[in-house]
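Have a look at the structure below before the remarks.
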Amino acid sequence: MLRLECRSGGHNKYYEFEIVREGLEYVATAYYGRIGNGPQTSHIGTSRILGDVTRAVTSKMSEKLAKGYVQVSDTGWAFQGQLDGPPQPRPTTIPPPPPMRRRRRSTSTPTQVATVMQTRRTARETARDRREDAEVEANLDSHIDEILAEEDDVAPSPNAPRPKVIPPTLTIWAMNAQGVRDGDHVEELFKDDNYIAQEKLDGMRAVVHITDRGLRIFSRSAGVADNTRPLEKTQSLPHLKDLVINGMEGCVLDTELLMPDSDSANIAGAVNSKEGTSRAILFVFDLLVMHGVSLMDSKLSVRLGMLQSLSSYLMGHDFIRLVPYHGKEQTKRALLQDILSVGREGIMFKNLSATYCQGGRPANNWYKCKKSATYDVVIMGFTEGQGKFVNGIGAVVFGQYLNGQLTEMGQTSGMTDDVREAMSDDREMWVGQVMKVGGMERLKSGAIRHPRYLGLVEDKRAEDCIYSATEQ
(Lines give C-alpha, C1' and ligand atoms only; values in the text may rest on other atoms or scores of the structure.)
Protein backbone atom coordinates (compact mmCIF):
# COMPACT_ATOMS: atom_id res chain seq x y z
CA MET A 1 0.00 0.00 0.00
CA LEU A 2 1.32 3.44 -0.97
CA ARG A 3 -0.27 6.65 0.34
CA LEU A 4 -0.18 10.20 -1.07
CA GLU A 5 -1.64 13.28 0.64
CA CYS A 6 -2.39 16.83 -0.47
CA ARG A 7 -2.86 19.44 2.26
CA SER A 8 -2.15 22.56 0.19
CA GLY A 9 -4.92 25.04 -0.59
CA GLY A 10 -7.19 23.56 2.08
CA HIS A 11 -7.74 20.33 0.11
CA ASN A 12 -6.77 17.75 2.80
CA LYS A 13 -7.14 14.87 0.36
CA TYR A 14 -5.43 11.52 0.16
CA TYR A 15 -4.87 8.70 -2.31
CA GLU A 16 -3.93 5.11 -1.44
CA PHE A 17 -2.84 2.61 -4.09
CA GLU A 18 -3.02 -1.16 -3.70
CA ILE A 19 -2.11 -4.08 -5.93
CA VAL A 20 -3.43 -7.52 -4.97
CA ARG A 21 -3.51 -10.86 -6.70
CA GLU A 22 -6.84 -12.51 -7.35
CA GLY A 23 -6.49 -15.95 -8.84
CA LEU A 24 -4.36 -15.64 -11.96
CA GLU A 25 -4.58 -11.86 -12.23
CA TYR A 26 -3.19 -8.74 -10.54
CA VAL A 27 -5.73 -6.04 -9.63
CA ALA A 28 -4.81 -2.38 -8.99
CA THR A 29 -7.18 -0.22 -6.93
CA ALA A 30 -7.12 3.39 -5.72
CA TYR A 31 -8.82 4.55 -2.49
CA TYR A 32 -9.30 8.31 -2.23
CA GLY A 33 -11.20 10.99 -0.39
CA ARG A 34 -10.81 13.70 2.22
CA ILE A 35 -8.57 12.96 5.18
CA GLY A 36 -10.73 11.75 8.07
CA ASN A 37 -13.63 10.59 5.86
CA GLY A 38 -14.41 7.20 4.43
CA PRO A 39 -12.73 6.34 1.11
CA GLN A 40 -14.15 6.07 -2.36
CA THR A 41 -12.86 3.31 -4.62
CA SER A 42 -11.55 3.48 -8.18
CA HIS A 43 -10.52 0.47 -10.26
CA ILE A 44 -7.21 1.21 -12.03
CA GLY A 45 -6.52 -1.96 -13.96
CA THR A 46 -6.40 -5.76 -14.11
CA SER A 47 -3.80 -7.90 -15.86
CA ARG A 48 -2.02 -11.22 -15.66
CA ILE A 49 1.24 -9.26 -16.05
CA LEU A 50 2.42 -7.41 -12.94
CA GLY A 51 4.32 -4.81 -14.96
CA ASP A 52 1.09 -3.70 -16.70
CA VAL A 53 -0.77 -2.85 -13.49
CA THR A 54 2.38 -1.32 -11.96
CA ARG A 55 2.66 1.06 -14.92
CA ALA A 56 -1.02 1.99 -14.59
CA VAL A 57 -0.54 2.81 -10.89
CA THR A 58 2.65 4.77 -11.66
CA SER A 59 0.83 6.94 -14.21
CA LYS A 60 -1.88 7.80 -11.68
CA MET A 61 0.72 8.47 -8.96
CA SER A 62 2.76 10.76 -11.23
CA GLU A 63 -0.37 12.74 -12.10
CA LYS A 64 -1.16 13.27 -8.43
CA LEU A 65 2.43 14.20 -7.52
CA ALA A 66 2.41 16.82 -10.28
CA LYS A 67 -0.71 18.36 -8.69
CA GLY A 68 0.85 18.83 -5.26
CA TYR A 69 0.35 15.47 -3.55
CA VAL A 70 3.32 14.12 -1.56
CA GLN A 71 4.21 10.55 -0.64
CA VAL A 72 3.78 9.88 3.09
CA SER A 73 4.12 6.10 3.34
CA ASP A 74 5.04 3.04 1.32
CA THR A 75 4.55 -0.45 2.74
CA GLY A 76 5.10 -2.18 -0.61
CA TRP A 77 2.67 -4.28 -2.61
CA ALA A 78 1.11 -7.22 -0.78
CA PHE A 79 -0.09 -9.92 -3.18
CA GLN A 80 -2.86 -12.24 -2.01
CA GLY A 81 -2.43 -15.93 -2.61
CA GLN A 82 1.36 -15.91 -2.78
CA LEU A 83 1.54 -19.52 -1.61
CA ASP A 84 -0.25 -20.57 -4.78
CA GLY A 85 2.76 -19.61 -6.89
CA PRO A 86 2.97 -17.03 -9.69
CA PRO A 87 0.14 -16.60 -12.20
CA GLN A 88 0.18 -19.36 -14.79
CA PRO A 89 -0.18 -18.69 -18.53
CA ARG A 90 -3.41 -19.60 -20.26
CA PRO A 91 -3.34 -23.11 -21.74
CA THR A 92 -2.74 -23.09 -25.48
CA THR A 93 -3.46 -25.65 -28.14
CA ILE A 94 -0.29 -26.75 -29.86
CA PRO A 95 -0.86 -27.16 -33.60
CA PRO A 96 0.49 -30.28 -35.30
CA PRO A 97 3.88 -29.87 -36.95
CA PRO A 98 3.82 -29.06 -40.68
CA PRO A 99 4.76 -31.83 -43.10
CA MET A 100 8.47 -32.10 -43.66
CA ARG A 101 9.88 -31.08 -47.00
CA ARG A 102 13.16 -32.06 -48.53
CA ARG A 103 15.56 -29.11 -48.57
CA ARG A 104 18.06 -28.68 -51.35
CA ARG A 105 21.67 -28.87 -50.32
CA SER A 106 23.23 -25.47 -49.67
CA THR A 107 26.47 -24.54 -51.39
CA SER A 108 27.21 -21.66 -49.00
CA THR A 109 30.10 -21.81 -46.56
CA PRO A 110 29.39 -21.64 -42.79
CA THR A 111 30.82 -18.09 -42.71
CA GLN A 112 28.48 -16.95 -45.47
CA VAL A 113 25.49 -18.52 -43.74
CA ALA A 114 26.40 -16.84 -40.43
CA THR A 115 26.76 -13.46 -42.16
CA VAL A 116 23.37 -13.77 -43.86
CA MET A 117 21.67 -14.85 -40.61
CA GLN A 118 23.21 -11.93 -38.68
CA THR A 119 22.11 -9.46 -41.39
CA ARG A 120 18.55 -10.78 -41.28
CA ARG A 121 18.51 -10.72 -37.47
CA THR A 122 19.74 -7.09 -37.39
CA ALA A 123 17.11 -6.07 -39.96
CA ARG A 124 14.36 -7.72 -37.91
CA GLU A 125 15.49 -6.00 -34.69
CA THR A 126 15.69 -2.59 -36.43
CA ALA A 127 12.20 -2.98 -37.90
CA ARG A 128 10.84 -4.06 -34.51
CA ASP A 129 12.40 -1.02 -32.78
CA ARG A 130 10.87 1.33 -35.36
CA ARG A 131 7.43 -0.27 -34.98
CA GLU A 132 7.57 -0.01 -31.18
CA ASP A 133 8.69 3.64 -31.29
CA ALA A 134 5.90 4.50 -33.74
CA GLU A 135 3.31 2.74 -31.56
CA VAL A 136 4.47 4.60 -28.44
CA GLU A 137 4.34 7.98 -30.16
CA ALA A 138 0.91 7.24 -31.70
CA ASN A 139 -0.51 6.29 -28.30
CA LEU A 140 0.88 9.22 -26.28
CA ASP A 141 -2.14 11.49 -26.64
CA SER A 142 -4.69 8.75 -25.90
CA HIS A 143 -2.64 7.61 -22.89
CA ILE A 144 -2.59 11.14 -21.46
CA ASP A 145 -6.33 11.53 -22.04
CA GLU A 146 -6.95 8.29 -20.11
CA ILE A 147 -4.93 9.63 -17.17
CA LEU A 148 -6.85 12.92 -17.15
CA ALA A 149 -10.19 11.14 -17.45
CA GLU A 150 -9.55 9.36 -14.14
CA GLU A 151 -9.46 12.67 -12.21
CA ASP A 152 -11.98 12.39 -9.40
CA ASP A 153 -12.83 16.00 -8.53
CA VAL A 154 -12.69 17.98 -11.81
CA ALA A 155 -13.60 17.16 -15.38
CA PRO A 156 -10.80 17.13 -17.95
CA SER A 157 -10.24 20.52 -19.55
CA PRO A 158 -8.57 21.17 -22.93
CA ASN A 159 -6.32 23.68 -21.15
CA ALA A 160 -5.48 21.42 -18.18
CA PRO A 161 -1.78 20.58 -17.67
CA ARG A 162 -0.91 17.25 -19.26
CA PRO A 163 1.61 14.89 -17.68
CA LYS A 164 4.66 14.48 -19.89
CA VAL A 165 4.86 10.95 -21.28
CA ILE A 166 8.28 9.98 -22.59
CA PRO A 167 8.88 7.68 -25.59
CA PRO A 168 11.74 5.21 -25.08
CA THR A 169 13.94 7.01 -27.64
CA LEU A 170 13.81 10.42 -25.93
CA THR A 171 17.08 12.32 -25.85
CA ILE A 172 18.02 13.18 -22.26
CA TRP A 173 21.09 15.28 -21.48
CA ALA A 174 22.66 14.78 -18.06
CA MET A 175 22.49 17.71 -15.64
CA ASN A 176 25.74 19.23 -14.33
CA ALA A 177 26.73 20.66 -10.95
CA GLN A 178 28.34 23.89 -9.84
CA GLY A 179 31.26 23.99 -7.46
CA VAL A 180 30.86 25.31 -3.93
CA ARG A 181 31.90 28.95 -3.71
CA ASP A 182 34.02 28.81 -0.57
CA GLY A 183 34.19 27.42 2.96
CA ASP A 184 31.29 29.58 4.15
CA HIS A 185 29.12 28.17 1.38
CA VAL A 186 29.99 24.62 2.44
CA GLU A 187 28.93 25.46 6.02
CA GLU A 188 25.60 26.79 4.75
CA LEU A 189 24.95 23.58 2.81
CA PHE A 190 25.82 21.41 5.80
CA LYS A 191 23.27 23.28 7.95
CA ASP A 192 20.52 23.54 5.32
CA ASP A 193 18.07 20.65 5.85
CA ASN A 194 16.82 21.12 2.30
CA TYR A 195 20.14 19.84 0.93
CA ILE A 196 21.10 16.17 1.05
CA ALA A 197 24.64 14.84 0.53
CA GLN A 198 25.85 11.93 -1.62
CA GLU A 199 29.34 10.75 -2.43
CA LYS A 200 30.77 12.28 -5.60
CA LEU A 201 31.85 9.28 -7.64
CA ASP A 202 34.91 9.45 -9.90
CA GLY A 203 33.62 7.50 -12.88
CA MET A 204 31.86 8.00 -16.20
CA ARG A 205 28.40 9.57 -16.30
CA ALA A 206 25.67 7.46 -17.93
CA VAL A 207 21.95 8.01 -18.55
CA VAL A 208 20.34 4.56 -18.68
CA HIS A 209 17.10 3.74 -20.53
CA ILE A 210 15.47 0.48 -19.38
CA THR A 211 13.64 -1.55 -22.04
CA ASP A 212 12.02 -4.96 -22.02
CA ARG A 213 15.06 -6.38 -23.85
CA GLY A 214 17.85 -4.78 -21.82
CA LEU A 215 19.50 -1.43 -21.16
CA ARG A 216 20.42 1.43 -23.50
CA ILE A 217 23.28 3.52 -22.11
CA PHE A 218 24.14 7.07 -23.18
CA SER A 219 27.08 9.28 -22.19
CA ARG A 220 26.77 12.91 -21.15
CA SER A 221 28.20 14.25 -24.43
CA ALA A 222 27.12 14.23 -28.07
CA GLY A 223 28.81 12.15 -30.72
CA VAL A 224 30.85 13.55 -33.58
CA ALA A 225 28.59 12.08 -36.27
CA ASP A 226 25.35 13.25 -34.61
CA ASN A 227 25.56 16.15 -32.16
CA THR A 228 21.78 16.26 -31.61
CA ARG A 229 21.78 13.42 -29.07
CA PRO A 230 24.14 11.92 -26.49
CA LEU A 231 26.58 9.30 -27.69
CA GLU A 232 25.29 5.76 -27.09
CA LYS A 233 27.70 3.37 -25.34
CA THR A 234 25.45 0.30 -25.13
CA GLN A 235 27.52 -1.91 -27.43
CA SER A 236 30.66 -1.25 -25.35
CA LEU A 237 28.96 -2.68 -22.24
CA PRO A 238 27.65 -6.12 -23.31
CA HIS A 239 26.92 -7.31 -19.76
CA LEU A 240 24.55 -4.34 -19.27
CA LYS A 241 23.12 -4.33 -22.80
CA ASP A 242 21.29 -7.62 -22.21
CA LEU A 243 20.40 -6.98 -18.54
CA VAL A 244 16.61 -7.26 -18.17
CA ILE A 245 15.07 -5.53 -15.11
CA ASN A 246 11.49 -6.77 -14.87
CA GLY A 247 9.01 -4.22 -13.54
CA MET A 248 11.07 -1.17 -14.60
CA GLU A 249 10.45 -1.07 -18.35
CA GLY A 250 10.16 2.53 -19.54
CA CYS A 251 12.25 3.99 -16.69
CA VAL A 252 15.31 6.21 -17.18
CA LEU A 253 18.05 6.40 -14.53
CA ASP A 254 20.85 8.90 -13.94
CA THR A 255 23.95 6.94 -12.98
CA GLU A 256 27.73 6.84 -12.73
CA LEU A 257 29.73 3.98 -14.28
CA LEU A 258 32.53 2.70 -12.07
CA MET A 259 35.05 -0.12 -12.37
CA PRO A 260 37.06 -1.70 -9.53
CA ASP A 261 40.44 -0.03 -8.99
CA SER A 262 39.92 2.41 -11.90
CA ASP A 263 39.60 6.18 -12.11
CA SER A 264 37.51 8.14 -14.61
CA ALA A 265 40.26 8.21 -17.25
CA ASN A 266 40.74 4.42 -17.13
CA ILE A 267 36.99 3.82 -17.23
CA ALA A 268 36.51 6.10 -20.23
CA GLY A 269 39.41 4.40 -21.97
CA ALA A 270 37.93 0.94 -21.38
CA VAL A 271 34.42 1.93 -22.48
CA ASN A 272 35.69 3.71 -25.58
CA SER A 273 38.02 0.89 -26.58
CA LYS A 274 37.19 -1.46 -29.44
CA GLU A 275 36.64 -4.37 -27.05
CA GLY A 276 34.57 -2.46 -24.48
CA THR A 277 34.35 -3.80 -20.93
CA SER A 278 32.21 -6.19 -18.88
CA ARG A 279 33.45 -4.96 -15.49
CA ALA A 280 31.54 -1.68 -15.19
CA ILE A 281 28.98 -1.25 -12.40
CA LEU A 282 26.05 1.21 -12.50
CA PHE A 283 25.66 3.40 -9.42
CA VAL A 284 22.14 4.87 -9.52
CA PHE A 285 21.41 8.23 -7.89
CA ASP A 286 18.34 9.67 -9.67
CA LEU A 287 15.13 8.62 -11.46
CA LEU A 288 14.27 10.81 -14.48
CA VAL A 289 11.44 8.85 -16.09
CA MET A 290 9.13 6.32 -14.43
CA HIS A 291 7.31 3.86 -16.71
CA GLY A 292 7.28 6.39 -19.55
CA VAL A 293 6.19 9.37 -17.43
CA SER A 294 8.75 12.17 -17.00
CA LEU A 295 9.72 13.15 -13.45
CA MET A 296 12.21 15.82 -14.51
CA ASP A 297 9.77 18.63 -13.65
CA SER A 298 9.22 17.10 -10.21
CA LYS A 299 11.25 17.97 -7.11
CA LEU A 300 14.24 15.83 -6.20
CA SER A 301 12.39 14.67 -3.08
CA VAL A 302 9.67 13.19 -5.32
CA ARG A 303 12.20 11.56 -7.66
CA LEU A 304 14.09 9.97 -4.77
CA GLY A 305 10.84 8.72 -3.24
CA MET A 306 9.85 7.09 -6.52
CA LEU A 307 13.33 5.59 -6.90
CA GLN A 308 13.05 4.11 -3.42
CA SER A 309 9.68 2.57 -4.30
CA LEU A 310 11.37 0.77 -7.22
CA SER A 311 14.49 -0.27 -5.31
CA SER A 312 13.33 -3.87 -4.93
CA TYR A 313 13.46 -4.28 -8.72
CA LEU A 314 17.08 -3.06 -8.82
CA MET A 315 18.43 -5.04 -5.89
CA GLY A 316 19.85 -8.45 -6.64
CA HIS A 317 21.56 -7.43 -9.89
CA ASP A 318 25.34 -7.83 -9.66
CA PHE A 319 26.09 -4.72 -11.73
CA ILE A 320 23.68 -2.23 -10.11
CA ARG A 321 24.04 -0.27 -6.87
CA LEU A 322 21.99 2.53 -5.29
CA VAL A 323 23.92 5.56 -4.03
CA PRO A 324 22.79 6.35 -0.44
CA TYR A 325 22.09 9.93 0.65
CA HIS A 326 22.28 11.77 3.98
CA GLY A 327 20.07 14.63 5.13
CA LYS A 328 21.15 15.59 8.66
CA GLU A 329 24.00 18.01 9.32
CA GLN A 330 25.94 15.54 11.44
CA THR A 331 25.75 12.71 8.89
CA LYS A 332 26.64 15.05 6.01
CA ARG A 333 29.77 16.20 7.81
CA ALA A 334 30.71 12.62 8.69
CA LEU A 335 30.26 11.55 5.05
CA LEU A 336 32.70 14.18 3.76
CA GLN A 337 35.23 13.41 6.48
CA ASP A 338 35.08 9.66 5.81
CA ILE A 339 35.45 10.12 2.04
CA LEU A 340 38.41 12.50 2.25
CA SER A 341 40.14 10.35 4.89
CA VAL A 342 40.42 7.45 2.44
CA GLY A 343 41.49 9.63 -0.50
CA ARG A 344 38.27 9.63 -2.51
CA GLU A 345 36.98 12.64 -4.41
CA GLY A 346 34.33 14.45 -2.34
CA ILE A 347 30.57 14.85 -1.98
CA MET A 348 27.59 16.31 -3.84
CA PHE A 349 25.05 18.62 -2.18
CA LYS A 350 21.60 18.37 -3.81
CA ASN A 351 18.54 20.56 -3.31
CA LEU A 352 15.46 18.48 -2.46
CA SER A 353 13.13 21.21 -3.81
CA ALA A 354 14.82 21.58 -7.20
CA THR A 355 13.82 20.05 -10.54
CA TYR A 356 16.11 18.35 -13.09
CA CYS A 357 17.59 20.81 -15.62
CA GLN A 358 18.77 18.85 -18.67
CA GLY A 359 22.27 19.71 -19.85
CA GLY A 360 22.42 22.75 -17.58
CA ARG A 361 24.46 23.83 -14.60
CA PRO A 362 21.76 25.65 -12.62
CA ALA A 363 22.31 27.62 -9.42
CA ASN A 364 20.84 26.40 -6.12
CA ASN A 365 20.50 22.84 -7.36
CA TRP A 366 23.59 20.58 -7.30
CA TYR A 367 26.93 21.57 -5.78
CA LYS A 368 30.13 19.53 -5.72
CA CYS A 369 32.58 19.78 -2.86
CA LYS A 370 36.03 18.29 -3.45
CA LYS A 371 39.39 18.37 -1.71
CA SER A 372 40.94 19.83 -4.88
CA ALA A 373 39.38 21.25 -8.00
CA THR A 374 39.51 19.63 -11.45
CA TYR A 375 38.74 21.23 -14.79
CA ASP A 376 37.98 19.90 -18.26
CA VAL A 377 39.97 21.92 -20.80
CA VAL A 378 40.93 21.85 -24.50
CA ILE A 379 44.51 21.26 -25.68
CA MET A 380 45.42 24.34 -27.77
CA GLY A 381 49.10 23.66 -28.41
CA PHE A 382 52.51 23.16 -26.81
CA THR A 383 55.54 25.13 -25.74
CA GLU A 384 58.96 23.99 -26.87
CA GLY A 385 60.90 21.72 -24.51
CA GLN A 386 64.13 22.73 -22.83
CA GLY A 387 66.91 20.85 -21.08
CA LYS A 388 66.30 17.09 -21.29
CA PHE A 389 63.10 17.78 -23.25
CA VAL A 390 64.83 19.97 -25.86
CA ASN A 391 63.75 17.73 -28.74
CA GLY A 392 60.10 17.47 -27.64
CA ILE A 393 57.30 19.46 -26.09
CA GLY A 394 57.58 21.50 -22.92
CA ALA A 395 54.17 22.32 -21.46
CA VAL A 396 50.63 21.80 -22.76
CA VAL A 397 48.78 25.05 -23.53
CA PHE A 398 45.08 24.69 -22.68
CA GLY A 399 41.91 26.77 -22.70
CA GLN A 400 38.12 26.85 -22.44
CA TYR A 401 35.36 28.50 -24.41
CA LEU A 402 34.53 32.00 -23.19
CA ASN A 403 31.78 33.94 -24.99
CA GLY A 404 31.99 31.46 -27.86
CA GLN A 405 35.76 31.77 -28.33
CA LEU A 406 38.40 29.26 -27.26
CA THR A 407 40.47 31.26 -24.76
CA GLU A 408 43.80 30.29 -23.24
CA MET A 409 43.57 29.54 -19.50
CA GLY A 410 47.08 28.35 -18.71
CA GLN A 411 49.85 25.82 -19.27
CA THR A 412 50.61 22.56 -17.52
CA SER A 413 52.97 19.61 -17.48
CA GLY A 414 53.27 16.63 -15.15
CA MET A 415 52.45 13.99 -17.75
CA THR A 416 54.39 10.72 -17.83
CA ASP A 417 57.36 10.27 -20.16
CA ASP A 418 55.29 7.98 -22.40
CA VAL A 419 52.53 10.58 -22.78
CA ARG A 420 55.08 13.36 -23.37
CA GLU A 421 56.76 11.26 -26.07
CA ALA A 422 53.42 10.52 -27.77
CA MET A 423 52.51 14.22 -27.75
CA SER A 424 55.94 15.15 -29.13
CA ASP A 425 55.71 12.60 -31.98
CA ASP A 426 52.35 13.87 -33.32
CA ARG A 427 51.40 17.25 -31.91
CA GLU A 428 48.57 17.94 -34.36
CA MET A 429 46.73 14.78 -33.32
CA TRP A 430 46.52 16.01 -29.73
CA VAL A 431 45.40 19.58 -30.45
CA GLY A 432 41.64 19.91 -29.92
CA GLN A 433 41.34 16.94 -27.56
CA VAL A 434 39.86 17.35 -24.07
CA MET A 435 42.01 16.72 -21.00
CA LYS A 436 41.47 17.05 -17.27
CA VAL A 437 43.76 19.24 -15.16
CA GLY A 438 43.85 19.61 -11.39
CA GLY A 439 44.49 22.85 -9.59
CA MET A 440 44.22 24.65 -6.27
CA GLU A 441 41.58 27.16 -7.40
CA ARG A 442 40.48 29.40 -10.26
CA LEU A 443 41.84 32.94 -10.10
CA LYS A 444 39.77 36.05 -10.88
CA SER A 445 41.48 36.25 -14.28
CA GLY A 446 40.08 32.80 -15.14
CA ALA A 447 43.50 31.14 -14.93
CA ILE A 448 43.89 27.96 -12.88
CA ARG A 449 46.33 28.08 -9.98
CA HIS A 450 49.06 25.39 -10.08
CA PRO A 451 47.49 23.27 -12.86
CA ARG A 452 48.70 19.70 -13.41
CA TYR A 453 47.90 17.19 -16.14
CA LEU A 454 45.57 14.36 -15.01
CA GLY A 455 44.66 12.61 -18.27
CA LEU A 456 42.43 12.72 -21.33
CA VAL A 457 38.64 12.99 -21.15
CA GLU A 458 37.31 10.84 -23.96
CA ASP A 459 33.57 11.27 -23.35
CA LYS A 460 33.41 15.06 -23.76
CA ARG A 461 33.56 17.36 -26.78
CA ALA A 462 35.83 20.39 -26.90
CA GLU A 463 32.78 22.67 -27.42
CA ASP A 464 31.41 21.54 -24.06
CA CYS A 465 34.45 22.88 -22.16
CA ILE A 466 32.85 26.22 -21.28
CA TYR A 467 34.37 28.62 -18.75
CA SER A 468 32.49 28.86 -15.46
CA ALA A 469 33.72 30.80 -12.46
CA THR A 470 32.11 28.18 -10.17
CA GLU A 471 33.48 25.08 -11.95
CA GLN A 472 35.35 22.54 -9.80
field: Over the range 231-303: Kirkwood hydrodynamic radius from C-alpha pairwise inverse distances, Å
entry: 13.8 Å
field: Nonlocal amide H pairs with residue 231, under 5 Å, H built at 1.01 Å
entry: 219, 221, 222, 223
Computed lengthening from residue 328 to residue 418, 0.36 nm per intervening residue step minus Cα-Cα distance: 27.7 nm
- prompt: Ignoring ligands, DNA and RNA, what percent of the accessible area of the range 265-406 is carbon or sulfur (1.4 Å)?
  reply: 50 percent
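Report the calculated FRET efficiency for residue 16 and residue 312 (r = Cβ-Cβ distance, R0 = 25 Å), to the nearest 0.05.
Values: r = 19 Å, r/R0 = 0.77.
About 0.85, to the nearest 0.05.
Multiply the residue gap between residue 188 and residue 242 by 0.36 nm, knock off their C-alpha separation, and tell me the result in nm, one decimal place. Working shown, then result.
Values: separation 54, 0.36 × 54 = 19.44 nm, distance 4.39 nm.
Length gained between residue 188 and residue 242: 15.0 nm.
Calculated FRET efficiency, residue 35 and residue 390, Cβ-Cβ r, R0 60 Å, to nearest 0.05? Working shown, then result.
Details: r = 80 Å, r/R0 = 1.34.
The computed FRET efficiency comes out at 0.15.
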field: Environment charge at residue 339 (Cβ cut-off 14 Å; Lys +1, Arg +1, Asp -1, Glu -1)
entry: +3
query: When the Karplus curve 6.51 cos²θ - 1.76 cosθ + 1.60 is applied with θ = phi - 60°, which whole-Hz ³J(HN,Hα) does each residue of the range 389-398 get, with x for Gly and Pro?
result: 9, 4, 9, x, 7, x, 10, 8, 8, 10
- prompt: Taking a probe of 1.4 angstrom, what is the accessible area of residue 328 in Å², to the nearest 10?
  reply: 150 Å²
query: Quick one: if you stick a label point 7 Å off each Cα along the C-beta vector at residue 319 and residue 274, how many nm between them?
result: 2.2 nm
- prompt: List the lysines whose alpha-carbon lies under 25 Å from that of residue 13, not counting same-chain residues fewer than 8 positions away?
  reply: 60, 64, 67, 164, 299
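The values are calculated or read from the model by the stated rules, or taken from the named source; none is laboratory data. In this text, all values refer to a predicted model and were calculated from it rather than measured experimentally. A quick note on method: Cβ atoms are made from the backbone with ideal geometry, for glycine too, and the neighbour counts reach across all protein chains shown. Protein only, heavy atoms only, side chains kept; ligands, DNA and RNA dropped before computing areas. Shrake-Rupley method; radii C 1.70, N 1.55, O 1.52, S 1.80 Å.
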